[in-house]
Amino acid sequence: MPYVFSLIPRHSPRPRACAAVALLALCLTLSAARAEVSELVLGIAPLLDEAETRTQFQPLCNYLANATHLPCRITTRPNFLTYWEMMRRGKEYNLILDDAHFTDYRAQKMGFVVLAKIPDTVTYSLIVPRATKLDDPARLVGRRIATLGIPSMGAAQLNGLFTQPSKQPIPVEVDNTADGFALLREGKVTAAILPTPLVREEIVRGAPFRVLLSTAPLPHMGFSAAPDISPELRQVLRQALLNAHKNDAGRAMLTRIGLERFDPANATVYAGQGRILKEYWGY
């Protein structure tokens with residue numbers, strides 16, 4: 001900084017004083033932005049079990065901690081019912097990566113700001129054992145189907161497939177996708193409806209399943225920040241996510257969590273997705 005101040009004539013103290021005041025104001029602003037949150041707490045939907053969720057997404061947490069110079073930890077829950085209760089309170093996390101309907105709900109009712117999203121869209125797949133001769137989903141009426149618990153997107157998609165109250169399957173709620181795969185493998189359910197990317201991975205690993213149908217595509221998971229995250233800190237987080245594929249640390253993180261990049265997003269991308277919470281469960 002001596003190079004800057006040496007350009008100000010010695011006989012003109014006012015510009016130098018103004019520059020010092022401006023620099024002090026900037027420092028105070030940055031300090032205030034840093035002081036408003038003491039740590040980042042990243043909430044993750046329980047598609048995987050708790051241990052797997054923490055292992056899978058800790059690289060993302062570490063990357064954001066380095067970008068913001070704030071500690072970061074992950075919070076999740078063992079199933080969607082307890083996750084929903086945590087989510088509605090909104091006090092146990094200030095960042096969250098979540099499905100479209102929850103992302104919209106937070107943006108509309110809790111003041112969360114959408115910063116980015118996983119690229120493209122996502123579907124849910126209704127799967128059955130490869131050996132079964134069942135080809136018509138209508139034949140699943142009255143049969144057991146594994147699904148992530150209420151009010152998950154999986155449960156909503158199952159409701160959407162069977163709209164007649166008198167012709168319903170028997171939902172078997174599971175805590176995470178691994179439990180759903182296990183029930184289907186063991187023959188304890190006739191079918192399961194689970195996120196297509198995880199279904200695809202399981203089949204590639206040799207699971208004896210086949211896809212009966214896939215649902216209409218939805219916006220993929222969104223990354224949101226709580227209202228107490230300042231605009232300045234939100235911008236740092238947004239840029240860290242959107243530029244991750246452009247730097248070595250970011251590319252390493254993306255590889256570990258199984259993504260190519262994060263895409264730009266805002267609340268408009270998810271507008272209307274939260275209606276299923278009210279339509280199906282009155283939330």
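Taking into account only those residues within region 228-272 that are of a type in the set (G, A, S) and in a helix (DSSP H, G or I), which is nearest to V114 (Cα to Cα)?
A267
Take the residues in region 127-142 that are in contact with a strand residue (DSSP E or B) (Cβ under 6 Å, 6 or more places away or on another chain) and part of a loop (DSSP other than H, G, I, E, B); name whichever of them is nearest to L194 (Cα to Cα).
R130
Does K133 satisfy the condition of being surrounded by fewer than 17 Cβ atoms within 10 Å (Cβ to Cβ), over 20 Å from T76 (Cβ atoms), at pLDDT 95 or above and not β-branched (V, I, T)? Step through it out loud before you land on a result.
On the way: surrounded by fewer than 17 Cβ atoms within 10 Å (Cβ to Cβ): yes; over 20 Å from T76 (Cβ atoms): yes; at pLDDT 95 or above: no; not β-branched (V, I, T): yes.
Criteria not met by K133.
I want to confirm something. Restricting to region 158-181 and keeping residues that are in a helix (DSSP H, G or I) and either among the aliphatic types (A, V, I, L, M) or modelled with pLDDT of 95 or more (or both), which single residue is surrounded by the most Cβ atoms within 10 Å (Cβ to Cβ)? Quick ask: steps written out before the conclusion?
Narrowing region 158-181 to residues in a helix (DSSP H, G or I): 158-161, 177-181.
If we keep only those that are either among the aliphatic types (A, V, I, L, M) or modelled with pLDDT of 95 or more (or both) as well, we get 158, 161, 177-181.
Values: L158: 26, L161: 17, T177: 24, A178: 16, D179: 17, G180: 28, F181: 20.
Ranking the candidates gives G180 first.
Given A131, A207, A178, which one is farther than 28 Å from T103 by Cβ, in contact with a helix residue (DSSP H, G or I) (Cβ under 8 Å, 6 or more places away or on another chain) and in contact (Cβ under 8 Å) with a residue 24 or more places away in the chain?
Values: A131 fails: in contact with a helix residue (DSSP H, G or I) (Cβ under 8 Å, 6 or more places away or on another chain); A178 fails: farther than 28 Å from T103 by Cβ.
On inspection, the qualifying residue turns out to be A207.
How many residues are assigned to a helix (DSSP H, G or I) and surrounded by fewer than 21 Cβ atoms within 10 Å (Cβ to Cβ) when one looks only at region 85-105? Full working, then the answer.
Pass one, region 85-105, residues assigned to a helix (DSSP H, G or I): 85-89, 100-105.
Filter once more, keeping what is surrounded by fewer than 21 Cβ atoms within 10 Å (Cβ to Cβ): 85-86, 88-89.
Within region 85-105, residues that are assigned to a helix (DSSP H, G or I) and surrounded by fewer than 21 Cβ atoms within 10 Å (Cβ to Cβ) number 4.
Take the conditions in a loop (DSSP other than H, G, I, E, B) and within 30 Å of A240 (Cβ to Cβ) and apply them to P151. Does it pass?
The answer is no for P151.
For region 237-283, name all the residues that are surrounded by 13 or more Cβ atoms within 10 Å (Cβ to Cβ) and in contact with a strand residue (DSSP E or B) (Cβ under 8 Å, 6 or more places away or on another chain).
L237, R238, L241, L242, F262, D263, A265, N266, A267, V269, Y270, Q273, listed by residue number.
Sort through L28, L42 and tell me the only one that's touching a Cys at 6+ places or on another chain (Cβ under 6 Å) and either modelled with pLDDT under 50 or within 28 Å of A271 (Cβ to Cβ) (or both).
L42
Kindly provide the set of residues from region 186-218 that are outside any loop (DSSP other than H, G, I, E, B), among the aliphatic types (A, V, I, L, M) and surrounded by 12 or more Cβ atoms within 10 Å (Cβ to Cβ), ordered by number.
First, the residues of region 186-218 that are outside any loop (DSSP other than H, G, I, E, B): 191-204, 209-214, 218.
In the following step, the residues that additionally are among the aliphatic types (A, V, I, L, M) were identified as 191-194, 198-199, 203-204, 211-213, 218.
Those that are outside any loop (DSSP other than H, G, I, E, B), among the aliphatic types (A, V, I, L, M) and surrounded by 12 or more Cβ atoms within 10 Å (Cβ to Cβ): A191, A192, I193, L194, L198, V199, I203, V211, L212, L213, L218.
The values are calculated or read from the model by the stated rules, or taken from the named source; none is laboratory data. Quick caveat, the model's predicted, so the values are computed rather than measured. Positions of Cβ are generated from backbone atoms using ideal geometry, with glycine treated the same way; all protein chains shown enter the neighbour counts.
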